[in-house]
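Report on the following structure.
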Amino acid sequence: MEDKRKHEILLNSIRGCLFGGAFGDALGYPVEFMNYDKIKYEYGKDGITEFDLRNSEKALISDDTQMTLFTANGILYGHTRACLRGIAGPLSGYVFKAYEQWYQTQINAYYLNNTSSEFWIFNIDEFHNSRAQGNSCMSAIANSNGLGTIANPVNDSKGCGGAMRVAPIGCFSAAGHLGDEYDASMESANVAALTHGHPLGYISAAFVGCMVCLIIKNRIIDNNHSLYSIVNMTLNVIRTQFGDNQYFNELRDMINKAVDLSKSAIDDIDAITSIGEGWVAEEAIAIALYSVLKYSSDFNKAIICAVNHSGDSDSTGSIAGNILGAHLGLSAIDPTSDRVIQIEAYNVIFEIAQDLVDGCQMTEYGSYNDVKWNAKYITGKYGK
């Protein structure tokens, strides 16, 4: 019974993380390029508080959720090869292959050339939509051949495009398939460095992946630590790995500012404005942290706070959703699933979450054969 209970908590948290991110992304996407006054003019004095379904029957996801799910597909693709071959290359290499396929969806190569893929979510029509993708991501994927690393940066970008897509790494680590929180942190940094070479771009991503891992592990083990405590635990991990980097203190100070603001009586918009607009990674995670710490028991209020400002609303909403969704679990943020099923490609998110929990159950010399898993993470034909 204890193992069953832990499995249920794990699945609930990972579903909460992925759906929370998609929820924040879908709520913030329509207002990403609006200033705060324009948002209030368009949606009322409280800003955008519900999905904007005027142009679609679904709440549309942006490049944030697209890349998050391609990250997950890449992780599971590499993990499967390790299980079946007993050896694998760096995780970031498999994730980059997935990003190359995501890039194809953004330039319509699927429709123009009927491009084939080893990544099953490439087969899902909803992902073949260009949704305001980041310039750093697109140019690095197109030109770097996957050679961007921490030691050999591909550019000097510190945009939030690395931090907003790494939550599945924290989930996979918490599920026991990818080391501990230190591994989650470093792998998140490595994956972010594929496209974002500035230290604040990849160290911020390390913070997100590590915090997601620690939140879920906390829920599984004892649930005794507050989010404030987990922020400090995460900073300690990041300090161990990146404390010698000249930009660590800048990130630490930004996070501490978000913590202090969340304990104050300042209006949300004034607090967020004092942090920034979220286009760069350290500001994006600080806005997300402010929102989830201020409203740690109320997912709706936290996400509404995270997206209603004059900046990168879908990314700040996505990161906030990943963090608080992992903390509260899907059952707390949407117990009836009424809103979850409004999100574009929600069925894919359900499947990816389950797969991150289960991992590959086949082994190199074992007799068990999972036909569905093979179609997903070996041939990539699932969903065709």
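The values are calculated or read from the model by the stated rules, or taken from the named source; none is laboratory data. These figures come from a predicted structure and were not determined experimentally. For neighbour counting, all protein chains shown are included, and Cβ atoms are generated from backbone atoms with ideal geometry for every residue, glycine included.
Being touching a strand residue (DSSP E or B) at 6+ places or on another chain (Cβ under 7 Å) and either buried (at least 24 other Cβ atoms within 10 Å of the Cβ) or modelled with pLDDT under 95 (or both) is a property that holds for residue 281.
In the set (1) modelled with pLDDT under 95; (2) in a helix (DSSP H, G or I), residue 55 fails one condition alone, (2). Mind listing whichever residues of the range 6-25 are among the aliphatic types (A, V, I, L, M) and in contact with a Lys or Arg (Cβ under 6 Å, 6 or more places away or on another chain)? Within the range 6-25, 9 is the sole residue that qualifies.
Does residue 238 satisfy being among the β-branched types (Val, Ile, Thr) and surrounded by 18 or more Cβ atoms within 10 Å (Cβ to Cβ)?
Criteria met by residue 238.
Could you list, in sequence order, all residues of the range 306-340 that are assigned to a loop (DSSP other than H, G, I, E, B), modelled with pLDDT of 95 or more and of a type outside the set (Asp, Glu)? Answer for the range 306-340, where residues must be assigned to a loop (DSSP other than H, G, I, E, B), modelled with pLDDT of 95 or more and of a type outside the set (Asp, Glu): 308, 309, 310, 311, 329. Screening residue 188 on (1) among the small types (Gly, Ala, Ser); (2) surrounded by fewer than 24 Cβ atoms within 10 Å (Cβ to Cβ); (3) within 20 Å of residue 20 (Cα to Cα) shows it passes everything except condition (2). Taking the range 329-365 as the range and being buried (at least 16 other Cβ atoms within 10 Å of the Cβ), more than 16 Å from the chain's Cα centre (by Cα), among the hydrophobic types (A, V, I, L, M, F, W, C) and closer than 28 Å to residue 131 by Cα as the test, the residues that pass are 333, 340. For the range 123-134, the condition of being in contact with a Cys (Cβ under 7 Å, 6 or more places away or on another chain) and either outside any loop (DSSP other than H, G, I, E, B) or of a type in the set (Asp, Glu) (or both) holds for none of the residues. Can you tell me which of 89, 44 is free of Cβ contacts under 8 Å to residues at least 24 places away in the same chain, under 28 Å from residue 193 (Cβ atoms) and small (Gly, Ala, Ser)? On inspection, the qualifying residue turns out to be 89.
Take the residues in the range 1-50 that are in a loop (DSSP other than H, G, I, E, B), within 27 Å of residue 127 (Cα to Cα) and of a type in the set (D, E, K, R), then tell me which one is nearest to the chain's Cα centre (by Cα).
In this case the residue turns out to be 32.
Residues in the range 217-227: is at least one within 25 Å of residue 77 (Cα to Cα) and within 16 Å of the chain's Cα centre (by Cα)? No, the range 217-227 has no match at all. Are any residues in the range 233-280 closer than 23 Å to residue 217 by Cβ and among the aliphatic types (A, V, I, L, M), and if so, which ones? Listed by number, the residues that qualify are 233, 235, 237, 238, 251, 255, 258, 259. Against the test of being in contact with a Gly (Cβ under 8 Å, 6 or more places away or on another chain) and aromatic (Phe, Trp, Tyr), the options 51, 23 yield a single qualifying residue, 23.
Answer with yes or no whether residue 84 is in contact (Cβ under 8 Å) with a residue 60 or more places away in the chain and touching a helix residue (DSSP H, G or I) at 6+ places or on another chain (Cβ under 9 Å). It is false that residue 84 is in contact (Cβ under 8 Å) with a residue 60 or more places away in the chain and touching a helix residue (DSSP H, G or I) at 6+ places or on another chain (Cβ under 9 Å).
Evaluating residue 73 against the criteria (1) at pLDDT 95 or above; (2) part of a helix (DSSP H, G or I); (3) surrounded by fewer than 22 Cβ atoms within 10 Å (Cβ to Cβ) leaves one unmet condition, (3). Is it the case, given these coordinates, that residue 383 is over 19 Å from the mean Cα position of the chain (by Cα), part of a loop (DSSP other than H, G, I, E, B), surrounded by 13 or more Cβ atoms within 10 Å (Cβ to Cβ) and not aliphatic (A, V, I, L, M)? In short, yes.
Only one entry in 184, 140, 189 is part of a helix (DSSP H, G or I), small (Gly, Ala, Ser) and closer than 24 Å to residue 313 by Cβ, namely 140. Out of the residues in the range 1-47 that are among the aromatic types (Phe, Trp, Tyr) and farther than 14 Å from residue 299 by Cα, state the one that is surrounded by the fewest Cβ atoms within 10 Å (Cβ to Cβ). Taking the candidates together, the pick is 41. Residues of the range 193-209 that are within 19 Å of residue 79 (Cβ to Cβ) and surrounded by 24 or more Cβ atoms within 10 Å (Cβ to Cβ): 209 alone.
Tell me yes or no: at least one residue of the range 311-320 is closer than 20 Å to residue 226 by Cβ and either surrounded by fewer than 24 Cβ atoms within 10 Å (Cβ to Cβ) or touching a residue at least 12 places away in the same chain (Cβ under 8 Å) (or both). Among the residues of the range 311-320, at least one is closer than 20 Å to residue 226 by Cβ and either surrounded by fewer than 24 Cβ atoms within 10 Å (Cβ to Cβ) or touching a residue at least 12 places away in the same chain (Cβ under 8 Å) (or both), which makes the answer yes.
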